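Data first, discussion second: the structure below is written as structure tokens.
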Protein chains: 2
Amino acid sequence: MPFDPQSLRYDDKGLIPAIAQDHATGEVLMMAWMNAEAVARTLATGNVTYWSRSRQAFWVKGEVSGHVQRLVDFRVDCDRDCLLVLVDQTGPACHTNRRSCFYTAVRDGREIELMRPEA
Amino acid sequence: MPFDPQSLRYDDKGLIPAIAQDHATGEVLMMAWMNAEAVARTLATGNVTYWSRSRQAFWVKGEVSGHVQRLVDFRVDCDRDCLLVLVDQTGPACHTNRRSCFYTAVRDGREIELMRPEA
């Protein structure tokens with residue numbers, strides 16, 4: 001079936017959550033948002049492109065930092081309201097310079113930092 | 001630092017996205033939503049509990065289907081506006097009876113089904 005970005009289910013702001021996962025290690029790196037045009041650009045260019053809610057602008061991941069995400073596979077969930085992008089991640093995915101944004105665990109009612117920023 | 005569910009950043013509907021990942025295989029299984037009380041119940045019971053937007057009710061995953069998610073680890077992202085729950089998933093996570101909700105890939109402009117429903 002041909003894929004049409006408009007066939008996805010976007011929220012009332014026209015956005016859909018996109019989970020980025022390291023294609024090689026399976027590590028979940030981050031979650032950000034796309035609109036239909038960001039989906040189209042991601043598929044067309046192979047450079048994962050989000051919509052920045054804070055800047056209200058397209059956000060080609062790594063364009064400034066160099067920490068690019070090359071698209072390896074693009075997945076749609078059963079409800080067509082969430083995306084999973086398998087990526088080849090250069091450097092840390094998180095703006096804190098950690099590999100993943102999910103570096104805090106909650107264990108026994110306390111927050112624990114699981115990883116440090118990369119040098 | 002003690003963890004307080006109220007310290008997370010919820011959207012204008014009081015919800016936060018929660019990604020469920022198989023703790024053993026790394027497979028991303030599904031994404032659903034929690035409110036602060038669902039976060040608290042998940043941590044207190046070890047049974048991953050979402051907020052169903054369609055039913056507007058708590059949704060103890062697997063309560064009806066038996067396809068429960070036992071919490072293995074609970075992670076918070078850098079912006080505190082997304083959760084990652086590592087789970088021990090009994091049976092398929094998807095309501096279509098597939099292991100993961102992300103069973104559709106987009107490749108060369110076409111949709112491809114990657115996995116079949118389990119028997």
Practice task
Please return the longest stretch of chain A lacking exposed loop sites, where GluC sites (Glu not before Pro) count only if DSSP places them in a loop and at most 15 other Cβ atoms lie within 10 Å.
Solution key: A:1-62
Exercise for the section: May I ask you to list the lysines whose Cα is less than 16 Å away from that of A:K13, ignoring any residue fewer than eight positions away on the same chain? Expected result: B:K13
Completion exercise
Per GNM of chain A with C-alpha springs under 10 angstrom, the most fluctuating residue out of A:V106, A:V76, A:V85 is A:V106
Fill in the blank from the handout: Label points for B:S52 built 7 Å along Cα→Cβ; distances to same position in the other copies, nm, shortest first, come to 3.9
Handout entry: Residues in region B:19-46 that, when all protein chains are in place, have 40 Å² or more less accessible area than the chain alone would give (probe 1.4 Å)
Key = B:I19, B:V28, B:M31
Handout entry: For region A:5-113, with +1 on Lys and Arg beta carbons and -1 on Asp and Glu, the positive-most of A:S100, A:T25, A:A44 along the dipole
Key = A:A44
Practice task
Could you grab the relative contact order for chain A? Cα pairs under 8 Å, six or more apart, rounded to a whole percent.
Solution key: 22
Fill in the blank from the handout: Given unit charges at Cβ for Lys, Arg (+) and Asp, Glu (-), the dipole magnitude of region A:23-119 about its Cα centre in debye, nearest 20, is 220
Handout entry: Cut-off 15 Å, label 7 Å out along Cα→Cβ of A:R107, residues of region B:1-37 by amide N
Key = B:1-3
Practice task
On the protein heavy atoms, probe 1.4 angstrom, tell me the percent of accessible surface of region A:1-94 carried by carbon and sulfur.
Solution key: 50
Problem - Within the protein assembly as shown: Cβ-based charge dipole about Cα centre, in debye rounded to nearest 20 (Lys, Arg +1; Asp, Glu -1) - result: 100
Practice task
Would you please state the base-10 log of I(q)/I(0) at q = 0.19, 0.24 1/Å for region B:5-113, with intensities from the Debye formula using one equal scatterer on every alpha carbon?
Solution key: -0.96, -1.36
Completion exercise
Computed from every Cα-Cα pair in the protein assembly as shown, P(r) in 10 Å bins starting at 0 and rounded to whole percents is 7, 33, 38, 19, 2
Problem - At 7 Å out from Cα toward Cβ: A:E27 inter-copy label distances (nm, ascending) - result: 2.2
Practice task
Before rounding to the nearest 500, sum -39500 (n - 2.57) across all DSSP H runs of length at least 4 in the protein assembly as shown and divide by the residue total; then give [θ] at 222 nm in deg cm²/dmol.
Solution key: -2500 deg cm²/dmol
Completion exercise
Phi-derived 3J(HN,Hα) across region B:55-63 with the Karplus relation (6.51, -1.76, 1.60, θ = phi - 60°), rounded Hz, x for Gly and Pro, is 9, 6, 7, 5, 9, 6, 3, x, 4
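Hey, what's chain B come to in accessible area per residue, 1.4 Å probe, Å²?
47
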Fill in the blank from the handout: Rounded to the nearest 10, the angle in degrees between the Cα long axis of helix B:36-45 and the longest principal axis of the Cα atoms of chain B comes to 80
Fill in the blank from the handout: Each label sits 7 Å from Cα toward the beta-carbon; between A:N47 and A:D88 the label points are separated, in nm, by 1.5
Fill in the blank from the handout: In the B-onto-A rotation, chain B's nearest residue to the axis by C-beta, with distance in whole Å, turns out to be B:G26, 1
Problem - Point-to-point label distance, A:H95-A:A24, nm (Cα→Cβ direction, 7 Å offset) - result: 2.7
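The values are calculated or read from the model by the stated rules, or taken from the named source; none is laboratory data. Owing to the predicted nature of the structure, the values given are computational and were not obtained by experimental measurement. Here the Cβ is made from the backbone with ideal geometry for all residues, glycine too, and neighbour counts use every protein chain on show. When the accessible area is computed, the model is the full protein with side chains, heavy atoms only, and any ligands, DNA or RNA have been set aside. Shrake-Rupley method; radii C 1.70, N 1.55, O 1.52, S 1.80 Å.
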